[in-house]
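Here's the structure we're looking at; comments come further down.
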2 protein chains.
Amino acid sequence: MTTDTLGNSNAGAAMGRSIPRVEARAKVTGRAEYVHNLRLPGMLYGRIHRSTVAHARITGVDVSAAQAMPGVYAVYTAADIRKLIPEPYFGPAFHDQPILAIDKVRYVGEPVALVLAADPHVADAAAQQIVVEYEELPAVFDEVEAMTSKAVVHEVLKPAGTFPDLKHLKDKRDTNVALDFHLRRGDVQQAFADADHVFEHTFRTQQVLHLPLEPFVTVADPAPNQLVIHTASQSPSFVRIEIARLLGWPETRVRVKVPYLGGGFGAKLYIKLEALTAAAALIAGRPVKIALTMEEQFYTLTKHATTLRIKSGVTRDGKITARECEVWWNGGAYADIGPRITQKSGFTAAGPYDIDHVTIDSYSLYTNLTPAGALRGFGIPQLVWAYESHTDMIAKALKMDPLAIRRINILREGRPQATGTLMRDAGIEPVLERLAERMTWEKKYDRGSGTMRRGRGIAIGFKASISPTTSMAIVNISADGSCIVYCSTVDMGQGSDTAMAQFAAEALGIPVERVSVVHPDTDVTPYDMATLGSRSTYHMGHAVKNAAEDARDKLLALAAEVGLSAETTPIPDIFRKKYGMQAGNIIGIGSFIPPYTPPEPGTGLTTDATPFWMIGATGAEVEVDTETGEFKVTRLVNLVDVGRPVNPAIVETQISGATIMQLGFTLSERMEFDAGQVTNASLADYKIPGIRDVPPVMENEAVDMVQKTGPFGAKGVGESGTFGVSPAIASAIDDAVGVRLTSLPLTAEAVYRGLRANAGKPLQD
Amino acid sequence: MTTDTLGNSNAGAAMGRSIPRVEARAKVTGRAEYVHNLRLPGMLYGRIHRSTVAHARITGVDVSAAQAMPGVYAVYTAADIRKLIPEPYFGPAFHDQPILAIDKVRYVGEPVALVLAADPHVADAAAQQIVVEYEELPAVFDEVEAMTSKAVVHEVLKPAGTFPDLKHLKDKRDTNVALDFHLRRGDVQQAFADADHVFEHTFRTQQVLHLPLEPFVTVADPAPNQLVIHTASQSPSFVRIEIARLLGWPETRVRVKVPYLGGGFGAKLYIKLEALTAAAALIAGRPVKIALTMEEQFYTLTKHATTLRIKSGVTRDGKITARECEVWWNGGAYADIGPRITQKSGFTAAGPYDIDHVTIDSYSLYTNLTPAGALRGFGIPQLVWAYESHTDMIAKALKMDPLAIRRINILREGRPQATGTLMRDAGIEPVLERLAERMTWEKKYDRGSGTMRRGRGIAIGFKASISPTTSMAIVNISADGSCIVYCSTVDMGQGSDTAMAQFAAEALGIPVERVSVVHPDTDVTPYDMATLGSRSTYHMGHAVKNAAEDARDKLLALAAEVGLSAETTPIPDIFRKKYGMQAGNIIGIGSFIPPYTPPEPGTGLTTDATPFWMIGATGAEVEVDTETGEFKVTRLVNLVDVGRPVNPAIVETQISGATIMQLGFTLSERMEFDAGQVTNASLADYKIPGIRDVPPVMENEAVDMVQKTGPFGAKGVGESGTFGVSPAIASAIDDAVGVRLTSLPLTAEAVYRGLRANAGKPLQD
């Protein structure tokens, strides 16, 4: 084939193909661009002086020694920032976070001052010479205590106005509750009274970190007509809007450029270093780069620690009739996107089960810890941890098989979820059944003997997509039939550029090799809400498909105008007939915002909570040493419903990546605190999984599904692999040695203590 | 006003305002980006070894000494290029120019080999160590001799196929005529026979240079998925297409980025250094920069020297009844865009006069000189030089006033030009009359006495716009109502970014301060034929206006969709109602290709030769020293028809810039040759106008006109100031001292020789 036509000889040739990632060559040859590599002429390096106390009034800042150091260009505090930006508070949900601390600090590690120098080592040394005097205030660290603590982190709540559903919180005072979300379905108390059994358990999850191998980094360049921000961000459109708001500028005077990201996982969402870097660059009149160290990531953003109480009424046959959930989210000192997690994930806290009576109370709490944000799953892994552990504890109490109790209770197609939204294209049953099949669950299982015992567990979770959000795309066909896709989706390793190229090629019926995708750049690529919550495949996929179809329609119209058949005429000939030479473009525009019905205030009920559901399940096998409590995960089977996979090879790596990440959160990762001070802020002391921590057997599979409302049947996959990992392993341990752990991470020590506590009881049923 | 609506409260506020140039601040603060400033990691500098002979077979190239020099990365000759590009010939009209000389050289200065080194001084020194052996061939330098010379520059003609009207020349052999254009209207020979008088004169123009103060420069970066070319080019779209063609790649694998240009004037059109730089970068696998010296510009591109023979039949009352024109264009060794000039300007060779019988024969000739291309006027200044000198020589012979003979003969609105195309919105008469008024032409004029004599002259020219050509634009409105214009028009100092912002603001009815314009970048800005021939205001102006109107229509539709009035609702509120937050874009697409009827082959006749006419006239006053021939231009009055001026202040600078440039070509600039070798290739020896060469009185005015078919009544202005300068000054000299010069430049020596030749005759009538 030497020329392309719209005759669709290639239609269907792009979707579902495991083509190599479009950026693979750039990355393996070391030519891929990252912000850390960027140096601009005249650029200064910024280093942050951070708070050493968890909660205090600032009574003095002495920057004189720092300022006097040879090579220091400038030292800025909040007073300097306020000359440029009178109200320098930022944040996606609340305008609560100062660019540099104003009057008080709210967590250990909060930025207080910034040193600029041409030499980063000079800036570093000078930042250590800054002396801040504090008058300490009572602090609160635990999310449940924060509900009632006299230590109040913020005097007044300042919702950003970005999300209309937070407006009612404006000017609320003397509370650490940034948001309380409530769902009420049926009559839970009556159902508990009517139930054969009522079970109640409390679970906890720990603070953990995103820890992308590329730490946070931003370069701001005060160009003459525009402030140009190069940043490792998952949300360039949001950064542009937020920086323009802070400065009181039109959006178009701020340009945000994002090259490749060395991982994101939700850390690089909304706005992080961008506000400080931008302000410093504008005040200095010079390009400024702020690049955090690995340690500083511990002072920037964590995943919410949670306490989860869950109580269920159950019939003697194992049918769950009622469920009450309380979730306390430890949001740290600044809200970031926590309130949205509280609500947007909170409404699924009762799990993927068909329960007539449900109450959910979900609280987003301020504490004096590093702020918490979205981390691969947007709160769902914490919820699944609780409800799936709870499910297995009920099963054990009723002497039921874990698969059997789930078969009785799972939400089947067309049934209402707790909000009342009917389940559509949600492969809960197929995922569960395929997991059982791959685990050969119903065959006899050898659980070992003596000091080496084996066990297995399964867990399944589901997640809504955050809604409503908007994506836009442009597809531009050149006169030779090659094509460029413009979208602000950030390829941070998940392969989105490749997927978008496949969507465009599929819609146009041209070979995917003729499609390229440009990097996000707010001067170039149109608006996108953000690359988060596994939304891009569905939302941006639709936008790219719509743009490609718009381009295709325009090309058909052009062919008709010049009297040619688009089905049989090579694309270049259509252009040439119109323009007299190789000239012109066909530009298609696409946008997508899914339908959405906001939940009723108070009850949380809605008929349309999400455009699609993500399903993920894990089966785990473990071996436990009964003498030491040491255990190893010998097998993980991960099943997901991703609709129709766009690129099966990339889907597979997304599942395995998510699973391994959650494995770290399950087995080893935990931020340790002492009076709010992180005591293990290094990769030497905070253990993330290495290749030797990966289970010897890992199986990942996307079940055969189609998301009918999705672009070419597809939906997101980035998070689904995380859902079931923690509870499946905990249940496997319980299955092996009869020890039920209810707090993450799962450690040998905890198993050992459990074994000791159970001394005398049989290890296995 | 705090918010913008589409209520058009600002409509009409952008067009016709002398707002400051949008790039002014960037330029005066030294922050504007130019390719010369660009350095990339790992970049190599390329230096060219050039031919020392005008026409020769290459019998050997010895690069061993260069290659052996410490620090040299590589030395490439045509053999290396051909491994990458088997047919490495480029050019807009003919594929005649090799990237590096293949087998023979055709002019002194032709690139033969390229040295790459990390240090440009090393590359420079090494380039001088290359030894090429030549077997010299007979050469031809004069354009008229080239018609019949046995020295043939190209064995065979290779039309590029870009322009369909050159296809008939394919494979033509043994001729130096790259294109011959012929126009036949009426019966010239019969009309000559019937005329009261027949006058015939021959005129010549010299080789001159564009000499932008930023010499040619290109950086090519072989990125993993794309070849990125940063280049000082007036035609990024063409560069992309041509490089992709050479490499056999899809267009989208080539990205061409153009920052500000330090002048262009037609030099930086089509393809120049880009092919060599791109090939070198791909072979080396490293970024490569080639930046020419001022001297090397003399070996890259000139303006066509011409010989023009013009013969007219005239009644005793001064009515011109017939005209015969022959024009020989000295195209140098490679055609560049010369054949198009020959035709697209050639058809106006008879001048802006209403003549029933016209023949034009226009020849594009290969010679063994530096290639010639388009230079501010696309051949028109040469034609005006001839026909306006001729007009005044006729007037003098008939003892008529120069204004009077023009009043009798000029093309008035609605009359057919030589092609048969009717004149529309062509302010020939208003420009001429306003010039007469400003010169107080009909008042008595003091022509001095003794050795200081004064004289004055007027001249008027016209130009078609090259047609048909295509422009496309995108207008993107952000959620806060600010807006970005995407177009590939290159701002090379002419103020196009400012004009495009004004067009978009006018069409949207928003303040121009809320509109920004991005730099051309083929991955970002859509197709545009090129920034040439004063076409951008009209063509890209239409495209931007269309795109803005498309965006406005979409915004109106969006407002209606969400139940708001776009007339009264601030733009941000419309977005917010639709997207639930500050989100989204409205993207308008615009394209423009004017109607066009190709000329009949043979006769050159057409009813639709051009989308608009540019008119320019100059009145000059001189003082001549009768003892030495020295003269000075004391006053220049420049009148143009630009339709409705978009930005009067910029229009004024365009007129004065063009006039001063043409003043250099009129008075001082001339490339001197010795056997094809330029002997004055430096700004010390080749005199361009300085501030002290500007006449003490210069008046520039755009007459009150509207181009009805233009965007908001506008049309181009970049070249119109050049038209009348040379003949007006020559006529003023003749008026002062009775010496008629027929060759450019006009020198004191030539006047002195004329005075000597006329000795005894009265100086003035």
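The values are calculated or read from the model by the stated rules, or taken from the named source; none is laboratory data. Just so it is clear, the structure is predicted and the values come from calculations on it, not from any experiment. Don't worry about glycine lacking a Cβ; one is built from the backbone with ideal geometry, like all the others, and counts go over all protein chains shown. Protein only, heavy atoms only, side chains kept; ligands, DNA and RNA dropped before computing areas. Shrake-Rupley method; radii C 1.70, N 1.55, O 1.52, S 1.80 Å.
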Scope region A:158-186; condition within 14 Å of chain B (Cβ to nearest Cβ) and at pLDDT below 90; matching residues: A:161, A:162, A:163, A:164, A:165, A:166, A:167
Some residue of region A:99-113 being over 16 Å from residue A:276 (Cβ atoms), in a helix (DSSP H, G or I) and modelled with pLDDT of 95 or more: no
Of residues in region A:702-722 being outside any helix (DSSP H, G or I) and under 16 Å from the mean Cα position of the chain (by Cα), the one farthest from residue A:637 (Cα to Cα): A:715
Counted residues, region A:666-679 - those being part of a loop (DSSP other than H, G, I, E, B) and either over 20 Å from residue A:306 (Cβ atoms) or touching a residue at least 60 places away in the same chain (Cβ under 8 Å) (or both): 7
Residues satisfying the stated conditions in region B:141-198, i.e. closer than 22 Å to residue B:102 by Cα, of a type in the set (Lys, Arg) and within 26 Å of the chain's Cα centre (by Cα): B:158
Region A:241-283, subset within 14 Å of chain B (Cβ to nearest Cβ) and aromatic (Phe, Trp, Tyr), residue surrounded by the fewest Cβ atoms within 10 Å (Cβ to Cβ): A:249
Those residues of region A:523-562 which are among the β-branched types (Val, Ile, Thr), open to solvent by 10 Å² or more (accessible area, probe 1.4 Å) and within 30 Å of the chain's Cα centre (by Cα), in sequence order: A:524, A:537
Residue in region B:195-211 that is closer than 27 Å to residue B:536 by Cβ and either part of a helix (DSSP H, G or I) or modelled with pLDDT under 95 (or both) present: yes
Identity of the residue in region B:574-608, part of a helix (DSSP H, G or I) and touching a residue at least 40 places away in the same chain (Cβ under 8 Å), that ends up least open to solvent (accessible area, probe 1.4 Å): B:575
Test: residue in region B:69-89 that is at pLDDT 95 or above and within 28 Å of the chain's Cα centre (by Cα): yes
Which numbered condition residue B:692 fails, given (1) buried (at least 24 other Cβ atoms within 10 Å of the Cβ); (2) modelled with pLDDT under 95: (1)
Within region A:179-191, considering residues that are open to solvent by 20 Å² or more (accessible area, probe 1.4 Å) and not in a strand (DSSP E or B), the one farthest from residue A:329 (Cα to Cα): A:190
Residue, farthest from the other protein chains (Cβ to nearest Cβ), within region B:574-600, restricted to residues that are farther than 30 Å from residue B:535 by Cα and under 45 Å from the mean Cα position of the chain (by Cα): B:574
Of all residues making up region A:333-370, the number that are at pLDDT 95 or above and touching a helix residue (DSSP H, G or I) at 6+ places or on another chain (Cβ under 8 Å): 19
Meets criteria (outside any helix (DSSP H, G or I) and within 21 Å of residue A:304 (Cα to Cα)) for residue A:663: no
Extreme residue, surrounded by the fewest Cβ atoms within 10 Å (Cβ to Cβ), among residues of region A:422-451 that are part of a helix (DSSP H, G or I) and basic (Lys, Arg): A:438
Residue within region A:210-227 that is polar (S, T, N, Q) and out of contact with any helix residue (DSSP H, G or I) (no Cβ under 7 Å at 6 or more places or on another chain) present: no
Leading residue by the ranking (surrounded by the fewest Cβ atoms within 10 Å (Cβ to Cβ)) among those in region B:48-77 that are closer than 14 Å to residue B:111 by Cα and of a type in the set (S, T, N, Q): B:52
Cross-chain or 6+ apart pairs with Cβ under 8 Å, region A:415-444 first and more than 16 Å from residue A:347 (Cβ to Cβ), then of a type in the set (Val, Ile, Thr) and open to solvent by 30 Å² or more (accessible area, probe 1.4 Å): A:424/A:709; A:425/A:706; A:425/A:709
Those residues of region A:204-227 which are within 14 Å of chain B (Cβ to nearest Cβ), surrounded by fewer than 24 Cβ atoms within 10 Å (Cβ to Cβ) and touching a Leu at 6+ places or on another chain (Cβ under 9 Å), in sequence order: A:222, A:227
Test: residue in region A:233-240 that is part of a loop (DSSP other than H, G, I, E, B) and away from every other protein chain (no Cβ under 14 Å): yes
Residue tally, condition β-branched (Val, Ile, Thr), touching a residue at least 40 places away in the same chain (Cβ under 8 Å) and farther than 18 Å from residue A:438 by Cβ, over region A:643-665: 3
Strands (runs of 3 or more DSSP E) contained in region A:288-389 and holding at least 3 residues under 20 Å from residue A:428 (Cα atoms): A:320-330
Filtered residues of region A:136-148 (kept if crowded, with 20+ Cβ neighbours inside 10 Å and in a loop (DSSP other than H, G, I, E, B)): A:139, A:140, A:141, A:143
